[in-house]
Amino acid sequence: MATLIFKTTQRCNSSCAYCEAIHASCEPPDVPVGTLRTVLARINGYLLRHPEERMTFTWHGGEPLLVGMEYFELTAELQDELCPETKGRIDHCLQSNLTLLTEEHIAPLKRLGMTSVGSSYDIEPEIRGWGEPPDSAAYNRAFLRATSLLERHGLLWGIIYVVTKRSLADPVGVLHTLSNLTRGGGFNMNPVVLSREAPQELAVRSVQYADFLGAAFAEWYPHRERHGRVEPFSSLLSNVTARAGQSLGCEDSGSCAGRHWNVDPAGNVSQCGRSCELGVLQWGNIAEVTFDELLEHRGMEELRGRNAALREGDCSGCRLFALCHGGCPIDGYVAHGSFQHKTGWCAARQRFAFEYFEPITGLSVEGIEDRA
Amino acid sequence: MSDFTFVAPFHPPLFPRLAGKRVVLVVDRADLVCQVPQVVGDHKLDLACVYLRQQNREFALEIDAGWGGLRLALEMPPPLRFSALFPYLETLAQLNVRLYIDGAAPGALPTTRILASLGYSCCVVLSREKAPQLDWDALKDLAVYALYPPQPHGEIDPFAYVARRGDEHGFVDPRGVYFDDPSQYVHVDEEGRLSLCAADQRARVFLDEPIEEQAQVRESAAYQDAMDAWKGVFVEPNPCARCEGWRVCQGLFAPTDGQPRCQDVFREVLEGAEHTLERQKAVKQTWRP
C-alpha cells in the first residue's frame, strides 16, 4: 500500500514542546485548491496504472483541521470528479490534535470514508497547551471532548504518546494511564525526537527509552488481553510469533522507498514529513512530476540500496534486522549524516529486544523471515 | 440501546406513567411490599426488583417470608452484627433477596463474609464520601474471598458484578449494582421528574425530559456529559488515571482525603475478576437435548 502524507497546512493551534514541525512562515501556509486538484489527479493516475494498489491519504500538518470543514467537503467533491474509478482505493485518515473538532466536521470526514483518527496525548502537564505556561488542562478538555464526539459517531481514535524525560519515572503508570484512557489499547509509545535547535530538557537517551519500554512491557505482556494493542509491543510480538516481518511500520519496513511520499503546501514532494522538515530527500514538485516518475528519481536509488548497504555494514549479523532494517532512514541521517547508516535508536531497539522482550516472552527474535 | 430502568418510589400516582416500563420500586415501609405484585399486575410493570429501605436506626429487620420469590434488594440497617441478624436468617433464606450492606458501618465487612458463606447474596455499598472510614484491608480480604472462593458461597457485590459485567478489557461501571449507572438507570421522584443518578435527585437536578420521553434522554447534553464524566481523571495529573484497578472502579470510591488506599483493593478486584472469567471459560459445556 502506498502512503501520501498530505501536509494540509503548516499552521498549528498548539505548541507542543517537542514538536518537530518547524513553524517558520511558509508560503502558502495551506495547500491551495489548485495543488489539491493536482494531487488528486496524480493519485488517480498512479492508481489507474497500478490496479493492485491502494493509496493511504494521510491528512497531516501543522493542524489539518485549521483549514476548515469546507476544505474536507471540497476534497470529497474533487475526488468524485477527478478519481471516479479509483476513489474506492483511496483510504483517508487524519492525524490531528482534535482540539478543533466539531459536529460539523463529522459528515465530511465520513464522506471521505474515514473510520478512525490518529491523535496524541501527554500525561504530563505543561508539555502542550495554550498560553504561557501552557494550559494543558484546557487543552486536554478540548481533546477529550473531541474523542467523545468521535465515539458518538462511531469513529475510532488512537494516540501517539511521546516518551520524554518526564515519562521515565513511572513507565507502568504511563501504560496504565494510556490503557485506561483508550479503554483497550490503540496507542503508540514513541521516543521524543528533538531537533538540535529545540530545548533538550525533554530528551531521552536510547538506554532510557529501552528501559522505559522494558518496564512497561513487563506489565503489558502478561496482561496483553486486558491492555489491548500497544505499540511497539503488539507488532513486535505479532511478527515474532508469525516468524516473519509481515506487519512493520514505515520506519522498520525497509521498504519505504517509492511507496511513501509527503506533499507540502507549496506542492513540494519529499519522502515523508520528517524529510520535509529537514529539507532532505526532496523529490520535486507535484505540479511537475507524477508518482510514477518519482519512482525513477535518482535519489530513490540511495534509499533502495539502504538495506543491502546495512546488511554489509552497520547491521551486519544483527539478529533484529528482519524486524528493523536499520530503522528510519531519516534517523540514520540525523545520527550519522547518511541514509546508509542505521538509526540512532539502534541501541534502544537492541536493548529492548534482548534485555526485555526475549527474556519476558521466552521467544527469540532470531530467524525471522525478512519480507523487505 | 435499550430503554432505561426507572428507579421509582412506591407512589401510586406514578404507576400509570410507568406502565410497561422496567422499574426498581423503592419502598420505605415493609408493609407495602406485599402490595407490589398487585401493582405490577395492574400496571403491567416490568419489575427489576423491590428496594426496601429500612427506617429503623436500631437494628431490626421488617421482613416477611410471605414475600416469596419477589426480587428484593434489602437495605440492611447498621450496626450489622451477626448475632443481631441471627434470628432473621431462616426468614431471609426463604426470600429471593440481595442484602445491601453499608461497607463503612462497624462490623459490616466481617458480617458480610459470614452471610455469604451461609449462601446469602450480599452487596457491599461503597461510596466516595464514606471511603475514609472504610476498613480497606478488610475490604480487600472480602474481595479475595468473593472472587477466589475455596467453597461455593453467596455472591458478594460489587465484586461479582464487576466480574460478570466487565467488557472484553475488563472495563465496567460498578454503579450498576447500586442502580445508579446512568447508562442503565434513571431516577424518578414522586412528581415524575427524572434525574440521571441518586445524587442529582437529592440535589434536585432534573432532566428536561419527562417519563414519557425517556427515549430522548440519551440524546440530551446532560446524558452525554454523564457518559463522558469518566474522562475527567485524564484532564490533569490524577492518581486514579494511573491505577491498574481504575477500569473496575472508575475512581468512584477513591477516598476524598487523598489517600489512595483503594488502589490495592481494586487492583485485586481486577485480577480476581479476570480469574473468575478464566475459570468460567474453563468450565466444559456439555450439550443438552
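The values are calculated or read from the model by the stated rules, or taken from the named source; none is laboratory data. The model shown is predicted, which means the values in this text are computed figures rather than measured ones. Because the Cβ atoms are built from the backbone with ideal geometry, glycine has one as well, and the counts that use them run over all protein chains shown. For the accessible areas, the whole protein counts, side chains as well, though only heavy atoms, and no ligand, DNA or RNA atoms are used. Shrake-Rupley method; radii C 1.70, N 1.55, O 1.52, S 1.80 Å.
Number of residues in segment B:231-259 that are surrounded by fewer than 17 Cβ atoms within 10 Å (Cβ to Cβ) and more than 20 Å from A:PHE143 (Cβ to Cβ): the value is 5. Scanning for something acidic (Asp, Glu) and within 14 Å of chain B (Cβ to nearest Cβ), does segment A:140-153 turn up at least one residue? Yes, there is a match, as at least one residue in segment A:140-153 is acidic (Asp, Glu) and within 14 Å of chain B (Cβ to nearest Cβ).
Taken over segment B:193-213, the criterion of being crowded, with 17+ Cβ neighbours inside 10 Å and of a type outside the set (Ser, Thr, Tyr) is satisfied by B:ARG193, B:LEU194, B:LEU196, B:CYS197, B:ASP200, B:GLN201, B:PHE206, B:LEU207, B:GLU209, B:ILE211. With respect to (1) more than 13 Å from chain B (Cβ to nearest Cβ); (2) part of a strand (DSSP E or B), the lone exception for A:TYR161 is condition (1).
Test B:THR286 against the criterion of being in a loop (DSSP other than H, G, I, E, B), hydroxyl-bearing (Ser, Thr, Tyr) and under 30 Å from A:PRO134 (Cα atoms), and give yes or no. Answer is no for this residue. Residue count for segment B:236-265, restricted to those that are in contact (Cβ under 8 Å) with a residue 24 or more places away in the chain and either more than 20 Å from the chain's Cα centre (by Cα) or more than 10 Å from every other protein chain (Cβ to nearest Cβ) (or both): 17.
Filtered by the rule that a residue be among the hydrophobic types (A, V, I, L, M, F, W, C), open to solvent by 40 Å² or more (accessible area, probe 1.4 Å) and under 23 Å from the mean Cα position of the chain (by Cα), segment A:346-372 gives A:ALA347, A:ALA372.
Among the criteria (1) surrounded by 19 or more Cβ atoms within 10 Å (Cβ to Cβ); (2) more than 14 Å from chain B (Cβ to nearest Cβ); (3) in contact with a Cys (Cβ under 9 Å, 6 or more places away or on another chain), the one A:MET55 does not fulfil is (3). Within segment A:104-116, not a single residue is of a type outside the set (A, V, I, L, M) and within 14 Å of another protein chain (Cβ to nearest Cβ). Selection of segment B:21-35 for residues being more than 22 Å from B:GLY176 (Cβ to Cβ) and of a type outside the set (S, T, N, Q) yields B:ASP28, B:ARG29, B:ALA30, B:ASP31, B:LEU32, B:VAL33, B:CYS34.
A single entry from B:VAL39, B:VAL24 fulfils the requirement of being touching a residue at least 24 places away in the same chain (Cβ under 8 Å), outside any loop (DSSP other than H, G, I, E, B) and out of contact with any helix residue (DSSP H, G or I) (no Cβ under 8 Å at 6 or more places or on another chain): B:VAL24.
Just one residue in the set B:GLU274, B:GLU268 is facing chain A (nearest Cβ under 8 Å) and more than 24 Å from A:ASN140 (Cβ to Cβ); that residue is B:GLU274. When segment B:57-111 is limited to residues that are surrounded by fewer than 18 Cβ atoms within 10 Å (Cβ to Cβ) and among the polar types (S, T, N, Q), the one that is modelled with the lowest pLDDT turns out to be B:SER83.
Comparison of A:CYS324, A:CYS315 shows that the only residue that is hydrophobic (A, V, I, L, M, F, W, C) and either within 20 Å of the chain's Cα centre (by Cα) or surrounded by fewer than 18 Cβ atoms within 10 Å (Cβ to Cβ) (or both) is A:CYS324.
Among the residues in segment A:35-54, are any in a helix (DSSP H, G or I), without any contact (Cβ under 8 Å) to a residue 24 or more places away in the chain, out of contact with any His (no Cβ under 8 Å at 6 or more places or on another chain) and within 28 Å of A:GLU296 (Cβ to Cβ)? There is no residue in segment A:35-54 that is in a helix (DSSP H, G or I), without any contact (Cβ under 8 Å) to a residue 24 or more places away in the chain, out of contact with any His (no Cβ under 8 Å at 6 or more places or on another chain) and within 28 Å of A:GLU296 (Cβ to Cβ).
Screening segment A:128-139 for residues that are more than 12 Å from chain B (Cβ to nearest Cβ) and on the phi < 0 side of the Ramachandran plot and picking the one that is surrounded by the most Cβ atoms within 10 Å (Cβ to Cβ) gives A:ARG128. Considering (1) more than 22 Å from A:ALA287 (Cα to Cα); (2) open to solvent by 20 Å² or more (accessible area, probe 1.4 Å); (3) free of Cβ contacts under 8 Å to residues at least 24 places away in the same chain, the lone condition that A:SER148 does not fulfil carries the number (2). For A:ASN180, indicate whether it is within 14 Å of chain B (Cβ to nearest Cβ) and among the polar types (S, T, N, Q). Yes, satisfied. Taking helices (runs of 4 or more DSSP H) as the structural unit, those lying wholly within segment B:125-235 and holding at least 1 residues that are within 19 Å of the chain's Cα centre (by Cα) and away from chain A (no Cβ under 14 Å) correspond to B:136-147, B:159-165, B:198-202. Considering only segment A:167-176, I want to know if a residue exists there that is open to solvent by 40 Å² or more (accessible area, probe 1.4 Å), within 28 Å of B:GLY245 (Cα to Cα), free of Cβ contacts under 8 Å to residues at least 60 places away in the same chain and not in a loop (DSSP other than H, G, I, E, B). Scanning segment A:167-176 turns up at least one residue that is open to solvent by 40 Å² or more (accessible area, probe 1.4 Å), within 28 Å of B:GLY245 (Cα to Cα), free of Cβ contacts under 8 Å to residues at least 60 places away in the same chain and not in a loop (DSSP other than H, G, I, E, B). Within segment B:121-148, the set of residues being without any contact (Cβ under 8 Å) to a residue 40 or more places away in the chain and open to solvent by 50 Å² or more (accessible area, probe 1.4 Å) comprises B:LYS130, B:GLN133, B:ASP135, B:ASP137, B:ASP141.
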